Amino acid sequence: MGTLTPPNLLFVTSNRLGDAVLSSGVLAHFVERRPGLRVTVACGSLPAPLFADLPGLERVIPIVKDKTKSRFGHWIDLWRALPRHRWSTVIDLRSTFFAWTVRAGERHVSRFEKRHEHRVEELGRQFGIVPPPAPKLFVSKDRQARMDRLVDSRPILAVGPTANWGGKQWPAERFAETVRRLTGPRGILPDARVAVFGAAHEREAATAVLAASQDPLDLIGSADLLNVFALLRRCSLFVGNDSGLMHMAAAAGTPTLGLFGPSAEWRYRPWGERTAVARTRETLEELTSAPDYDYRSHRSLMLSLTVDDVVEAAETLWHRTGALVRP
C-alpha cells in the first residue's frame, strides 16, 4: 500500500495587517479541527511573519505586487511558487479567481458583501462557524519565553499612536497626555512601564509619547511582528488608533481600546469581550461628507475626541475587564 498524503490546506489572506489578523480565526478553526493538517499561507509581505509559529505550517508565501508586471502578475507568481499537487482544501479570503486555478478537494471563497456587520461576523456566517471565529495567532513556547525575559513584573501600558492614514491618527500630544494620566499617581496604572509600538517610518508620530514616558519600551520599527504580538500578550492595557496593531492587541487578549473617527467601528472595531471603542463626536458619515473632506489629505480627523474621553473609556474598560495585571 502507498503512503497516505496528509491533508493540506492553502490559505490565501490579505495584504493588510489588520485584515490578516481578523481572518486568523478562520485558519485556526481548520487547523484545530483537522489533526495533521499541513498548511501553506499566502498573504502580503507585511503580515507574513504572524504565521511563523502556526502548527503544521509548511510555508508562508508573500504575495508581492510588482508595478512592472501585469495586473495579475502577483497571482501568476504565486501560482508558480506552489507545488503542483492537489490541495485537500483551498481557502481564499480575497474574493479572487485564484482558488479556481489550482486543483482542490474543497474550496471556500469569501465574498465581499455590503452588509452592516463586523468582518469577523461576516467570515463566521460565510464559513458556517458559530460562534464567529475570534482572531487567533499562535506563538511557540520558546518565542514567548524570549519575549517574557525582556520585561519585568511591572504592568505595561501599550500605546499605538500611529495609523496607515493621517486622518485616523489621534494627535501625538494627546496620546502623551493620556499616558501621563493613566500612569500617574492617580491613574489606573500608576508607575506602569509604557511600551510604544509602530513601524520604523512612523517614529516621528511616536516621539511625543516616548518623551512622556519614563523608561519606555521603544518598539518602533520592531522587525518581527510575531515577537511584537508575544510582547502584547504581556501588556496590561492597549490604547491606540484603528490599525493592524490594535487588532493584534485584541487577539493577544490584552484589554484593548481602539480610537475611531473616519473609519467604521461597526466593521473594524477590536474584536472580543475585553475591548472597547472611543470615537469622535462626529460619525463616520459626518466626517467623510464634510465640505472640506479630502481623502488625499493626511490631516487628523480625530480632533473632537478629547483626552478626557479616552481616559474615561480606558478606565471603564480597565474596571470592566477586572483590572487584571498580566504575569
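Here, each number is a calculation from the coordinates, and none is a lab measurement. From a predicted model like this one, the values you see are computed outputs, not experimental measurements. Backbone-built Cβ (ideal geometry, glycine too); neighbour counts: all protein chains shown.
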Item to complete: Have a look at A249, V26, W266 and report the one farthest towards the positive end of the charge dipole of the chain, computed about the Cα centre with Cβ charges (Lys/Arg +1, Asp/Glu -1).
Response: V26
Worksheet item: Which value in nm describes the separation of the simple spin-label points at R267 and E312, placed 7 Å from the Cα toward the beta carbon?
Response: 2.8 nm
Worksheet entry | L217 long-range amide H proximity, modeled H, under 5 Å | V194, A195, V196
Worksheet item: So if R0 is 25 Å, what FRET efficiency would L150 and Q214 give, r being the distance between their Cβ atoms, rounded to the nearest 0.05?
Response: 0.90
Worksheet entry | Residue-averaged 222 nm ellipticity for the chain, from DSSP H runs of 4+ at -39500 (n - 2.57), nearest 500 | -9000 deg cm²/dmol
Response to the item:
So the angle from the long Cα axis of helix 172-183 to the longest Cα principal axis of the chain, reported in degrees to the nearest 10, equals 80 degrees
Item to complete: Run a plain Debye calculation on the stretch 141-320 (Cα atoms as equal point scatterers, no solvent) and give log10 I(q)/I(0) at q = 0.20 Å⁻¹, rounded to two decimals, same order as the q list.
Response: -1.44
Worksheet item: Helix 17-33: angle to the longest alpha-carbon principal axis of the chain, degrees 0 to 90, nearest 10?
Response: 50 degrees
Item to complete: Tell me the label-point distance for the pair R296, S70, using the 7 Å Cα-to-Cβ offset, in nm and rounded to one decimal.
Response: 3.1 nm
Fill in: Theoretical gain in end-to-end length, F97 to E286 [0.36 nm per residue, Cα-Cα removed]
64.4 nm
Worksheet item: Rounded, prolate or oblate: which one fits the stretch 8-127, using the alpha carbon gyration tensor with axes a ≥ b ≥ c (rounded when a/c is under 1.5, else prolate when a/b beats b/c, else oblate)?
Response: rounded
Worksheet item: Please report, for the Cα atoms of the chain, the Rg to one decimal and the Dmax as a whole number; what are they, in angstrom?
Response: 20.6, 72
Worksheet entry | Dipole in debye (nearest 20) - the chain, about Cα centre, beta carbon charges: Lys, Arg +1; Asp, Glu -1 | 1260 debye
Practice prompt. Using a cut-off of 10 Å between beta-carbons, work out the net charge of the residues near L303 (Lys and Arg +1, Asp and Glu -1, L303 not included).
Written response: +2
Worksheet entry | 3J(HN,Hα) from dihedral phi, the stretch 301-318, Karplus parametrisation 6.51/-1.76/1.60, rounded to Hz, x for glycine, proline | 10, 10, 6, 7, 8, 8, 4, 4, 4, 6, 4, 4, 5, 5, 5, 4, 4, 4
Item to complete: Could you please rank D152, D218, D242, D224, placing first whichever residue has the fewest other Cβ atoms within 10 Å of its Cβ?
Response: D152, D224, D218, D242
Item to complete: Quick one: check the C-alpha center-to-center distance for the stretch 13-40 versus the stretch 292-318, whole angstrom.
Response: 32 Å
Discussion item. Nothing charged except the Cβ atoms of Lys and Arg (+1) and of Asp and Glu (-1): what's the magnitude of the dipole of the stretch 248-296 about its Cα centre? Round to the nearest 20 debye.
Written reply: 240 debye
